């Protein structure tokens, strides 16, 4: 897939944001938003409770803050809700 300039900028900003995350936060974020796993599945894979998984995520990534906006994006990942924060 070819990205236009706006898409490349958005992708670069997302990559930069993900690169600054702590290892566990990045792992959970990628499982959640890229792999499409649910919290119970992530918890089972990491031997953690759902609450523990949620505590690993910054407030900006919590499902009640941006979950709806992410699901409404065609790619499911590169929406303005993620990039603008």
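The values are calculated or read from the model by the stated rules, or taken from the named source; none is laboratory data. Everything numeric here is computed off the predicted structure, so don't read it as measured data. We place every Cβ from the backbone using ideal geometry, glycine too, and count neighbours over all the protein chains shown.
Summary of computed values
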| read-out | value |
| --- | --- |
| Every pair of residues 6+ apart whose Cβ atoms lie under 8 Å, when the first sits in the stretch 44-56 and is farther than 19 Å from residue 21 by Cα while the second is outside any helix (DSSP H, G or I) | 45/37 |
| Subset of the stretch 41-51 [surrounded by fewer than 17 Cβ atoms within 10 Å (Cβ to Cβ) and either more than 11 Å from residue 24 (Cα to Cα) or touching a strand residue (DSSP E or B) at 6+ places or on another chain (Cβ under 7 Å) (or both)] | 41, 44, 45, 47, 49, 50, 51 |
| 2 or more residues at pLDDT 90 or above: qualifying helices (runs of 4 or more DSSP H) within the stretch 11-85 | 23-33, 39-46 |
